[in-house]
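Input: a single structure, listed below in structure tokens.
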Amino acid sequence: MRQKIVAGNWKMNNDKAETKALIKGIKKSIKKLPLKNTRVIISPSYVSLSSAVKKAKNTNIEVASQNMHQAKNGAYTGEVSADMLKSIGVKTVIIGHSERREYFGETDELLAEKIDAVLANGLEAIFCFGEKLEERKKEDHLLEVGSQLKNALFHLKATDFKNIILAYEPVWAIGTGETASPEQAQEMHAFVRNIIGKKFSKEVADSVSILYGGSVKPANAEEIFSKPDVDGGLIGGAALKAEDFAAIIKAI
Ligand code: PEP
């Protein structure tokens, strides 16, 4: 059975005290939820990762990093390696978020290297992809997403997908309040599952979790999650409020 996943991307928000308070709030808010087949992941900033891992110990909450450098170590000022993440107990890394692509120049080719580094280190990737507004308007969204997946993931082996979560995030829906309709999300998720199936295997396609991200809120989560190929969400703004995040988890 495919895993259901709700992952919060905290971006550059929350200092030490705020991180502590938010984790406390999430723990309290999700305590009574039946989380049978659902994974709950949060991704604080680098400086709070270590304390977040400690605070989430013995709970249902997993802690992911928002990024990672592809090199083992070396002269890469300001960067963080897989070994560093592993040393504090982080097992999952978000790779290829559209903000990393747009503001930090991360290309498909670089993301392929990052994915390789994540997998070589026994970590798990949440790989983000999605089209921009102009690509959607030109009806090039399937073409664009197909190309992002091909460039960053098609060199992998089928078995690598045990450690990959996919996250479709249309750039025009991130932080804008505008959400893809459930039908638009389903169309893309089915397309992605289909090309993964053709390239790797039906087994891989059926077992890989595909999350939707882009202005998911308590009010729209249930409808989006009801679509057969949507296995959960990557949540930005609404992941910063414990009650909202819990309501989204409840909707799955
Ligand atoms: C995100 O940053 O991955 C995201 C989906 O943000 P938001 O939910 O705020 O649109």
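The numbers here are math on the coordinates, done by the rules we state, and not lab data. If you're wondering where the values come from, they're calculated on a predicted model, not measured in any experiment. Because the Cβ atoms are built from the backbone with ideal geometry, glycine has one as well, and the counts that use them run over all protein chains shown.
Would you kindly state how much longer the chain becomes between Glu183 and Glu18 on full extension, computed as 0.36 nm times their sequence separation minus their alpha carbon distance, in nm to one decimal?
55.8 nm
Along each of the three principal axes of the Cα atoms of segment 135-241, give the extent in whole Å, ordering the values from largest to smallest.
Result, largest extent first: 37, 30, 22 Å.
Under a GNM of the chain (C-alpha, springs under 10 Å), which listed residue has the highest mean-square fluctuation: Ile174, Ile115, Ile235?
Of the options given, Ile174 has the highest mean-square fluctuation.
If you take the square roots of the eigenvalues of the alpha-carbon gyration tensor of segment 1-143 and sort them as a ≥ b ≥ c, do you get rounded (a/c under 1.5), prolate (a/b over b/c) or oblate?
Here segment 1-143 falls in the oblate category.
Work out the length of the dipole vector of segment 81-234 about its Cα centre, built from +1 on the beta-carbon of each Lys and Arg and -1 on the beta-carbon of each Asp and Glu, and round it to the nearest 20 debye.
Dipole of segment 81-234, to the nearest 20 debye: 360 debye.
Which far-off residues, 5 or more places away or on another chain, put their amide H under 5 Å from the one on Ile42, with H placed in the peptide plane?
Gly8, Glu62, Val63, Ala64
Give me Rg over Rh for the chain, both radii from the alpha carbons and Rh done the Kirkwood way, two decimal places.
0.93
Taking a ≥ b ≥ c as the square roots of the Cα gyration tensor eigenvalues, with a/c under 1.5 meaning rounded and otherwise prolate when a/b beats b/c, else oblate, which class fits segment 70-164?
Prolate is the answer for segment 70-164, as a/c is 1.5 or above and a/b outweighs b/c.
Run the simple label-point estimate for Ala219 and Met1 please: 7 Å along Cα→C-beta, distance reported in nm.
3.2 nm
Considering the options Ala17, Ala64, Ile30, tell which one lies farthest towards the positive end of the dipole of segment 1-86, charges being +1 on Lys and Arg and -1 on Asp and Glu at the Cβ, about the Cα centre.
Ile30
Is the C-alpha gyration tensor of segment 191-252 telling us rounded, prolate or oblate? Criteria: a/c under 1.5 is rounded; beyond that, a/b larger than b/c is prolate, otherwise oblate.
Since a/c reaches 1.5 and a/b is larger than b/c, the shape of segment 191-252 is classed as prolate.
Between segment 29-72 and segment 212-252, what is the separation of their alpha carbon centroids in Å?
So the two Cα centres are separated by 17 Å.
I need the calculated FRET efficiency for the pair Ala158 and Glu109, taking r as the beta carbon distance and R₀ as 25 Å, to the nearest 0.05.
According to the calculation, E is roughly 0.70.
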